[in-house]
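A short write-up of the structure that comes next.
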Amino acid sequence: MSRHAKHRKAAAKAGRAPESDGLDAPARAQAALSQGRYREAVELHKELLKGERRPEWLDCLAQAYAGRAEGLAAKGMLREALALWHTRAELCGRPLAEGPYIDWLLQAGEGDKALGLLAVAGQVAPESVGQLETRLAAVALLAADSALSRLPADSALRRHRVPALAAIAAYGRGDFAAMDEQIQAIPFRSPYRDLRPLLKALAALPERPAEAAQALDRVPARGPFEPLAAALRVALLPGEEWLAALGSLDEEARQLVLDLKGCPPARRPLLIDLGRLGAAPAAEPLFDLLVRHRQHLPEGVAARLCRRLLPHAPACLPRYRGAFGRLSVAEEERLLALAAELRGASPEAEPHWLRVARDLAGAPARSRGAALVLRRLADDRAHCGVDGSLDDEAMTWLARSVELDPDDRDSHVRLVQGWRRRGDLKQARAHLEAALGRFPKDVQVLLEAVETALASGAFKKAVGLAKRVLELDPINPRVRSIIGHAHLSHARKHIKAYNATAAYRELDEAVQWLRSAGERGTSKLLRGLADERGKQANALLREGVAEWGGALLGGFHLALEARRVGHDAQAALRRAGVDAAATPSAEQVVALAHALNGAGDKDRLLGAALAPFRAALGRAALAPYAEADQLLVCEAFNRRGERQLLRSHAEAAIRRWPQRPVFVYLKIFAGYGDRPWAIPDRDLRTLERALDMAQEQGDQRTVVRIRELLAQTVQGFGPADEDWGEPEGLNPEDPAFMLELLLNLQGEKRFLEIARAQLGEQVFQEMRREIGGSTKQFARALIAIMVEAAGRAPAKRFAPPEAGAPPDAAVPFRPAPRRKTRTPPSPDVQKGLFDD
């Protein structure tokens, strides 16, 4: 076969027409090389070289062989790559020891051949000998003496090998002094130079990790001893990071790390598998790993660890039963409750916790565990109001927990506080007596006794109990304040009974305990009110007003104290020279807002005390407030039901900060909060825009409040005490009607259970997190969202009745309101417990 025929055959095999491209042979060969078709380039250049041995064609053939060999090595075909490299060296006259050839030999486990290159003169360029010796340092340490004997006598690999091996042997014996001596014999330019810091790092582990890390920092990356250096770097990782890094090492390096960590051989498979799971493994794969390797752990350890994982992977519960046996009822229910809480489904956890408590309460030895579970349920914020008060279920659980664990003082205290907040002093005193019987000298219990006595009007009893507290805790500031306020309350009682002498005596006692300027101001106000005619009394009133901070705040407290003792507030203000009509400054209104927020929620006289100042406070809405102060004032008026003042200040705030949706809500709520069905369409659209704006700003509290108000516009409530019947003109299939009816008949808890089943757990929980708020607010917001999602127009809203129309003329349909059922009051047989 001629040369041209062979060329045509090679071209056809490569999948191209030999002459169709219009290029001559050298150009085709160069094109194949530049395009990475190395196999074709080799054939074409070999054909060219048969005709004429040009140097440039020889170089191109060497490049083609190199590219072809590197492609085979990348596929893991090291022997084929090495064979091609040998062919390259023979045909192209290139040295073997160039490019990746040495690395391929080492990867193929043929280190002796690499050493042999140094033994043959001319195989390695003189300037590359030192670099090649460094690369082969680890191979030389492991090679047979006969392989080293072929090297030149002046080879650094041969001359420095003896101290290097001696240093390694000394480390193996634990003779670190001899190791240091042999290390010193290794020159700094030796191929074995990296062995010096590596042996020092090994000797410092595990007692001196900082010293080992410092030595390891002197080892360059990708050196001849890189596998050993990589293992040491993993061993020095902090915490549990080294476990996750085990997967980056080969088997020998992993075993070295585990040796350095002192891991027993039986547990090494467990740790290696654990490392493969990564730095933060998921619960289920970790559970399976523990079950698989349970025989490598001490008895009971695997079961205990798996139980801890079950709340994070409840689907593994059947596998746990199969591997370790069944759990007790209480334990299984506890794990299911924790699993529900971890996925954000607290309502689903509640029945599981109750079953835990019921099971534990059946055994006296475990009753304290049942009490702990019940206290945990009572602490759930779903059963707590914004003021910390507990609902009926939580109070029941807390009372049961005290029966099961009567030595828990805090539960006794919370029960007393809960009943006192509800105004049921009989129950509060009953639980207080039980607490005092168990903790007669406990400061916290005695403080609750003081508060209960004050709530009962037993002021002398409160002072006596407070002094008992001071005997136990002489520097308790709260008790001193309680004693002072108890004397003030008793003084009010005497002033109301026109017993000025007894009132002065109580006030003299009060000033010994009161410390703040406002408290002393209250004492002076009461002293002035005790004497309605004396000139000195009027001066005391003026002093008391000044100590409270001026005309507005001081005048408010004077009016409040006058109402408390049954006096005319306007007359008291005139005696003190307070001009209630003067427009106060922004700072004075903010101070009044703080006072309103600090007053008790059950103080019904606050509105009467504000009455003389309402006109002035309305004008003060135009004062230059800071945004936060304006909001504070609005919220204070809203909390106290001062709707007109709230509207004035909210309107002024909207003019200053139109982008704040909370002021829009407060303004509309001030006008229609008690009759939301009457909100005009224009204000409804404004509310909807404010809702969108609040969502964009992340103001979730305002989002919930607006949604609740909008939901009430759909339902069309009328007066709560009126009967309701079949609606006229309203379609019972209307979603708003059906949802409101369902909520009122089933209650909020059952309504939310139905909503969860309809929406799906994931969607329900996402909405719960986004909307927030109390259970009632969330239910109302759900109704509004579901009505909107139904694609129907809102239910008909009814305008306010015209003048002279009956009250229900504007509201033909009113769903039944939820009424709290109250137990009829029983005779208070303990009423005299705290009487003076």
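The values are calculated or read from the model by the stated rules, or taken from the named source; none is laboratory data. Nothing here was measured: the structure is a model prediction, and the numbers come from that model. Methodologically, a virtual Cβ is constructed for each residue, glycine included, from the backbone with ideal geometry; neighbour enumeration extends over all protein chains shown. SASA here: full protein model, heavy atoms, side chains in, ligands and nucleic acids out. Shrake-Rupley method; radii C 1.70, N 1.55, O 1.52, S 1.80 Å.
For GluC sites (Glu not before Pro), the sites in region 294-349 that DSSP calls loop and that have at most 12 other Cβ atoms within 10 Å are GLU299.
Angle, helix 477-496 long axis vs. longest principal axis of the chain, Cα atoms, 0 to 90°, nearest 10? Here the helix axis deviates by roughly 20 degrees. Phi angles of region 605-619 translate, via the Karplus equation with coefficients 6.51, -1.76, 1.60 and θ = phi - 60°, into HN-Hα couplings of 8, 5, x, 5, 5, 7, 3, x, 9, 4, 4, 5, 5, x, 5 Hz per residue; Gly and Pro are given as x. In terms of packing, defined here as the mean over residues of other Cβ atoms within 10 angstrom, the peptides 27-38, 372-383 line up highest first as 372-383, 27-38. Calculated [222 nm] ellipticity per residue, helices only, for the chain: -20000 deg cm²/dmol; basis is -39500 (n - 2.57) per DSSP H run with n ≥ 4, divided by all residues, nearest 500.
Any idea of the accessible area per residue across the chain, 1.4 Å probe, to the nearest Å²? Intermediate values should be presented prior to the final figure.
Working: 42970 Å² over 836 residues.
For the chain, the solvent-accessible area averages 51 Å² per residue.
What translational diffusion coefficient, in µm²/s and rounded to a whole number, does the Stokes-Einstein relation yield for the chain at 10 °C and a viscosity of 1.306 mPa s, taking the hydrodynamic radius as the Kirkwood radius over Cα pairs? The calculation lands on 43 µm²/s.
Give me the percent of the accessible area of the chain that comes from carbon and sulfur atoms, probe 1.4 Å, all protein chains in place. Could you put the intermediate results ahead of the total?
Working: 22420 of 42970 Å².
For the chain, the apolar C and S fraction of the accessible surface comes to 52 percent.
A protection proxy built from the mean count of other Cβ atoms within 10 Å ranks the segments 522-528, 222-228, most packed first, as 522-528, 222-228. Couplings for region 578-590, taken from phi via the Karplus curve 6.51 cos²θ - 1.76 cosθ + 1.60 with θ = phi - 60°, read 8, 8, 5, 8, 5, 6, x, 7, 4, 4, 5, 5, 5 Hz in order; Gly and Pro are left as x.
Compared with the dominant principal axis of the Cα atoms in the chain, helix 681-697 is inclined by about 40°.
Rounded to the nearest 10 degrees, the angle from helix 500-511 to the longest Cα principal axis of the chain is 20 degrees.
When only DSSP loop residues count, what trypsin sites (Lys or Arg not before Pro) in region 413-496 have their Cβ near at most 11 other Cβ atoms within 10 Å?
Values: sites: ARG414, ARG420, ARG421, ARG422, LYS426, ARG429, ARG438, LYS441, LYS460, LYS461, LYS467, ARG468, ARG478, ARG480, ARG492, LYS493, LYS496; in loops: ARG422, LYS441.
Here the trypsin sites (Lys or Arg not before Pro) that fit, given the DSSP loop and packing criteria, are LYS441.
For an R0 of 56 angstrom, estimate the FRET efficiency from the Cβ-Cβ distance between ARG574 and ILE475 and round to the nearest 0.05. For R0 = 56 Å, the calculated efficiency reads 0.85.
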